[in-house]
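S.K.: Have a look at the structure that comes next, please.
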Amino acid sequence: MTASTPQPLTGESAGYDPAAIERKWQERWRERGTNATDLRDGDRPFYALMMFPYPSAEGLHVGNLFAFTGNDIYGRFQRMQGHTVFEPLGFDAFGIHSENFALKVGEHPLRLIPRNIANFRRQLERAGLMVDWRYEVDTTDPSYYKWTQWVFLQMLERGLAYKKKAAVNWCPSDKTVLANEQVINGACERCGTPVEQRFLEQWFFRISDFAPRLLANLDHLDWSDSTRSAQRNWIGRSDGAELIFQGGREEGREGGRRQGGTAKGGTAKGGASKVATALRGSAEEGTAIKVFTTRPDTVFGATYLVLAPEHPAVDALTTPAQRGAVNAYRERTAHQDIVSRRVTREKTGVFTGSTAVNPATGAAIPVWIADYVLMDYGTGAIMAVPGHDERDFEFAGVFGLPVTRVIAGPGQDAATALAAAYTDTEGTRLVNSGQFDGLPVEEGKRRIVEWLASRGAATATVNFRLHDWCISRQRYWGPPIPVIYCDECGLQAVPERDLPVLLPDIPDFKPDDSGVSPLARHAEWYHVPCPECGQTARRETDVSDTFLDSAWYFLRYPSALRHDVAFDPDTTRKWLPVHSYIGGNEHAVLHLLYSRFVTMVLHDAGRLTFEEPFTRFRAHGMIVRDGAKMSKSRGNVVNPDEYINEWGADAFRTYLMFLGPYEEGGDFRDRGISGVKRFLDRLWSSVIEAIESAGAGAPDPAVIRKLHQTIRKVGTDIPQLSYNTAIAAMMEYMNALRAGERTPGRAEVETLVQLVAPFAPHIAEELWERLHAGAASSRASIFDVPWPAFDAALAAEESIELVVQVNGKVRGRLTVPTGVTQDAAVAAALAEPSVARFVTGTPRKVIFVPGRLLNLVV
RNA sequence: GCCCGGGUGGCGAAAGGGCAGACGCGGGGGACUUAAAAUCCCCUGGGAGCGAUCCCAUGCGGGUUCGAUUCCCGCCCCGGGCACCA
């Protein structure tokens, strides 16, 4: 690749030198405060937010720039529409990623991060973003995390933060607890190490209490469908019922095997069931077992129960004869790593020795424990319906438990054998279900729940998959959780006046195997007077999850200059909720859900007037390079600095937007950028020629028509983030402008410069200044000049090309006046030999689409 | 397995019931030049024909329609998310 050399042009004008004009305008924007937003001003505020980056040591990723440029174009466009636009940016610099990198290079994050941030800011400034850097936030700055700690206190105050000992995902390599979201296929998302299970005291936020609202509001948000769908799946609503099975009764002793004769595929190990029967003894009377099911219609087919090994009722249900086996199994699952528990599909389990009564059939059915039932979903217990659930069928097969058909599809009846779990519901009906036989599934569900409910054995219930948010991290690089433990007074919140709890500058920030944060090793920090009684007390040593930092940063930006509040109520009312948020879909279920949750809590606390933070969200696509995902190991990472050096920020930005649909991403190819650069070169020379030939040549109506069509196209494409087609339209106009020998007129180029401005701001400012040299307006930024007005009359075509089809096949084209009538069009079409030869006699039918097409059916 | 995207020339892609391939890259030819680069102009989905023209073509198979890349049904493949969630 060779850098384009400046082309000598006529007269004294210099050629297009991106490096020089980009330097010039970035400096001028700084001097003149062009990008500074007066937050008190303007009756049409527009908050254009982009997801702030994690400032890695490798520097700005092209994916960051792709995201930011898309947001910047939209923001600049809104400004030209007359909005006061606020486009802030900051750095999400806490967290395990930074900390691990610091450990790797042996440098303290307190020294490393500021350097990374400085490098990022330098790279970002070169990209020509309309960012008001006065409002920059850095989550690791005490003036920021003071308020992150404040957010925690809001949660604590409202009973939404709580501590519990929990089985957590423990990464033995990073030596830390991971959120469920950070475990990918049973392995740590950072290092890929298989995750183990540990029991630790953890801080949680009660996000699951908000599941119904978080789900319901999605219907009304102007968000990318892909993002909303990901959140719906994550929240995971299931409609069903809780059913009660009375445990430990003596009647129906043989009930567990009563229907065994109907089982066909599930009796592989009948012996186990015999053992179970022999060992069965009397369990404690009256233990009620609640199960959750989405298929209450299949309750007549529930032939056994399964409890999670951790279920609190297991002790009471275990008979003396089975205690040894049950305890051994529970011991094993407690220590089992989460990988094999979650990923292995092999069915294991142990019989408790007890039975429970199926509330529908009255039969006594055996109660088992198995690790395929999870304590943290539903009630931690299930009714097993092996006939109609794949997992239950498999389990029944392993342990020789009876399988009963209670759902029959077309061509099946109550006696049809089950070779596998039958899970269809469409067009099926209930069988072997007493008075409910013959009902379709949906009606069966309703009627059976009503019937059982009348006997106190069922409640219609909704369950969510969403778990509470574990925010504890036994690490160093995060905001300390502002809590103090006093032997006298118990758990104490750090009073707001004592915030921030500063993260101390300690040299040994490396986590060890203790499961406790490195902060615990520093007595001078760890010991603190109790805020209540003044006695020596201990600080909480966990720091909070990075996702808490980013769950509220959009509230901080407009108030970033204030140090007495997290966010100023008046400013917040004026500028929020965020009008436009653009970011990657990798944050669809973490950051975006947590932000919605925090906003909802602050709304309920009366601190915000809105409960949804982002009015409009669009997920941008991913950029790959030469058809492959960018990675250091592949060596195909695009370094923005190199490209900006070679082609200029304007060409780089515009190419990023041109290479594919913004919301889908695209393929970065070095060759492709030259086309965009050529476009900017031509823009430059066209404007220079127009200036130098001032007054020469009348405007060409065809060019003006094309111009207005382009104004319309670009003006509708930008709000839809259809940047690639907007650029294509401007290129088309450029081609029309340059067709023939004529010199472009001033009016023909001036508007184009405005259309290009959001994409290539530096060249646009430079050309605008040159077009208005000497005029009073020359000191104004092009971004303070209103967007060009579209004139429909000027854009209208006088004549159109009418496509003529015969039986749907194109047989000719006619140039006709725009308002041509059907009769005139048919007459003209039949006069064309290319059409007439396919038409004999009068057409049977004529389809006429005015302005587009004529189809003759013969 | 379930839920989202997506599959169109040599390549990145347009068109979301109405001319398939806009725009750009790459390629071919030409102009300018002593020459090259840059720039400018023309051509560029496949096939048949000297030609005007004709046939084929938007992952595969059906359907609806005067007309389908677009809508419907059933598959296949690629990318992403969720997943022993009862």
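S.K.: Need one number: convex hull volume per residue for the range A:778-827, Cα atoms only, in Å³.
M.R.: Numbers: hull volume 6.8 nm³, N = 50.
Dividing the Cα hull volume of the range A:778-827 by its residue count gives 136 Å³.
S.K.: If a paramagnetic tag sat 7 Å from the Cα of A:Cys191 along the Cα-Cβ line, which residues of the range A:452-482 would have the backbone N under 18 Å from that point?
M.R.: A:473-478
S.K.: Follow-up. In terms of the Cα gyration tensor, with a ≥ b ≥ c the square roots of its eigenvalues, is the range A:98-145 rounded because a/c is under 1.5, prolate because a/b exceeds b/c, or oblate? If you can, show how the numbers build up before the last one.
M.R.: Values: a/c = 3.54, a/b = 1.59, b/c = 2.22.
It comes out oblate by the Cα gyration axes.
S.K.: Here's something else I'd like to know. Cross-link list A:Lys164/A:Lys632; A:Lys163/A:Lys510; A:Lys164/A:Lys510; A:Lys24/A:Lys629; A:Lys104/A:Lys629; A:Lys104/A:Lys163: which exceed 30 angstrom alpha carbon to alpha carbon?
M.R.: Details: A:Lys164/A:Lys632 40 Å; A:Lys163/A:Lys510 24 Å; A:Lys164/A:Lys510 25 Å; A:Lys24/A:Lys629 35 Å; A:Lys104/A:Lys629 25 Å; A:Lys104/A:Lys163 32 Å.
Violating the 30 Å limit, Cα to Cα: A:Lys164/A:Lys632; A:Lys24/A:Lys629; A:Lys104/A:Lys163.
S.K.: With no solvent and one point on each alpha carbon, what is the Debye value of log10 I(q)/I(0) for the range A:9-104 at q = 0.11 Å⁻¹?
M.R.: Scattering profile of the range A:9-104, log10 relative to I(0): -0.52.
S.K.: May I pose another question? Filter the chymotrypsin sites (Phe, Trp or Tyr not before Pro) in the range A:343-418 to those in DSSP coil with at most 16 other Cβ atoms within 10 Å of their Cβ, and list the result.
M.R.: Passing sites in the range A:343-418 are A:Tyr377.
S.K.: While we're looking at this one, here's another question. What order do A:Val846, A:Val299, A:Val857 take when sorted by accessible area (1.4 Å probe), most exposed first?
M.R.: A:Val846, A:Val857, A:Val299
S.K.: Related question: Using protein chains only and a probe of 1.4 angstrom, how many square angstrom of A:Arg446 are accessible, to the nearest 10?
M.R.: Here the accessible area works out near 130 Å².
S.K.: Find the relative contact order for the range A:469-557 and round it to a whole percent, using C-alpha pairs within less than 8 Å whose residues are 6+ positions apart.
M.R.: Details: 146 pairs, mean separation 36.5, N = 89.
41 percent.
S.K.: Read phi for every residue in the range A:677-691 and hand back ³J(HN,Hα) as whole Hz from Karplus 6.51 cos²θ - 1.76 cosθ + 1.60, θ = phi - 60°, with x for Gly and Pro.
M.R.: 4, 4, 4, 5, 4, 5, 4, 4, 5, 5, 5, 4, 4, 4, 5
S.K.: Would you compute the Debye intensity of the range A:407-542 from its alpha-carbon atoms alone, equal scatterers and no solvent, and pass along log10 I(q)/I(0) at q = 0.14, 0.19, 0.20 Å⁻¹ to two decimals?
M.R.: One equal scatterer on each Cα of the range A:407-542 leads to -0.71, -1.15, -1.19.
S.K.: Something else about it: What percentage of all Cα-Cα pairs in chain A are separated by more than 54 Å? Write down the numbers at each step before the final one.
M.R.: Values: 121762 of 367653 pairs.
Here the tail beyond 54 Å accounts for 33 percent of pairs.
S.K.: Same structure, new question: At a probe size of 1.4 Å, how large is the accessible area of A:Trp787, to the nearest 10 Å²?
M.R.: Surface accessible to solvent at A:Trp787 totals approximately 40 Å².
S.K.: Here's another thing I want to ask about it. Which of the aspartates and glutamates could a cross-linker span from A:Lys809 if the Cα-Cα distance has to be under 17 Å and same-chain partners fewer than 8 positions apart are dropped?
M.R.: Here the aspartates and glutamates satisfying the reach criterion relative to A:Lys809 are A:Glu801, A:Glu832.
S.K.: Can you give the FRET efficiency to the nearest 0.05 for A:Thr294 and A:Glu611, using r as the Cβ-Cβ distance and R₀ = 35 Å? Don't jump to the answer; show the numbers that get you there.
M.R.: Working: r = 29 Å, r/R0 = 0.83.
The calculated FRET efficiency here is 0.75.
S.K.: DSSP loop trypsin sites (Lys or Arg not before Pro) in the range A:511-582 with at most 14 other Cβ atoms within 10 Å of their Cβ, which ones?
M.R.: Numbers: sites: A:Arg521, A:Arg538, A:Arg539, A:Arg556, A:Arg562, A:Arg573, A:Lys574; in loops: A:Arg562.
In loop regions of the range A:511-582 (DSSP not H, G, I, E or B), the sparsely surrounded trypsin sites (Lys or Arg not before Pro) are A:Arg562.
S.K.: How many angstrom separate the Cα center of the range A:70-140 from the Cα center of the range A:646-662?
M.R.: 20 Å
S.K.: A further question on this structure: Relative contact order of the range A:743-852, please, whole-number percent, based on alpha carbon pairs below 8 angstrom and at least 6 residues apart. Provide the component values of the computation, followed by the final result.
M.R.: On the way: 90 pairs, mean separation 20.3, N = 110.
With pairs under 8 Å counted, the relative contact order is 18 percent.
S.K.: Mind checking the per residue accessible area of the range A:6-97 for me, 1.4 Å probe, whole number of Å²?
M.R.: Values: 3500 Å² over 92 residues.
Using a 1.4 Å probe on heavy atoms only, each residue of the range A:6-97 averages 38 Å².
S.K.: What is the spin-label model distance, in nm, from A:Arg134 to A:Met375 if the labels are put 7 Å beyond Cα along the C-beta direction?
M.R.: 5.5 nm
S.K.: A further question on this structure: How many percent of the accessible area of chain A is carbon or sulfur, using a 1.4 Å probe? Can you show the working numbers first?
M.R.: Working: 17960 of 35810 Å².
In chain A, the share of accessible area belonging to carbon and sulfur is 50 percent.
S.K.: Turning to a different aspect of this structure: Determine the percent antiparallel among the DSSP beta bridges restricted to chain A, to the nearest 5.
M.R.: Values: 71 of 96 bridges.
Bridges in chain A that DSSP calls antiparallel: roughly 75 percent.
S.K.: Using a 1.4 angstrom probe on the protein heavy atoms only, line up A:Arg497, A:Arg206, A:Arg813 by accessible area, largest first.
M.R.: A:Arg497, A:Arg813, A:Arg206
S.K.: Please give the per residue accessible area of the range A:785-858, computed with a probe of 1.4 Å over protein heavy atoms only, in Å². Don't skip to the end; give the middle numbers.
M.R.: Values: 4550 Å² over 74 residues.
It amounts to 62 Å² per residue over the range A:785-858.
S.K.: How far apart, in nm, are two points set 7 Å out from the Cα along the Cα-to-Cβ line at A:Arg40 and at A:Ser633?
M.R.: If labels sit at A:Arg40 and A:Ser633, their model points lie 5.6 nm apart.
S.K.: As a test question: what accessible area, to the nearest 10 Å², does A:Glu27 have when a 1.4 Å probe is rolled over all protein chains in place?
M.R.: Surface open to solvent at A:Glu27 totals about 90 Å².
S.K.: For chain A, what relative contact order do you get, as a whole percent, if you take Cα pairs closer than 8 Å and at least 6 residues apart?
M.R.: Values: 1637 pairs, mean separation 122.3, N = 858.
Contact order relative to length: 14 percent.
S.K.: Just to make sure I understand: if all protein chains stay in place, what is the order of A:Thr298, A:Thr842 by accessible area at 1.4 Å, largest first? The partial results should precede the final answer.
M.R.: Values: A:Thr298 5, A:Thr842 125 Å².
The ranking, largest first, comes out as A:Thr842, A:Thr298.
The values are calculated or read from the model by the stated rules, or taken from the named source; none is laboratory data. Just so it is clear, the structure is predicted and the values come from calculations on it, not from any experiment. Reconstructed Cβ throughout: ideal geometry from the backbone, glycine too, with neighbour counts over all protein chains shown. Heavy atoms of the whole protein, side chains included, go into the accessibility calculation; ligands, DNA and RNA do not. Shrake-Rupley method; radii C 1.70, N 1.55, O 1.52, S 1.80 Å.
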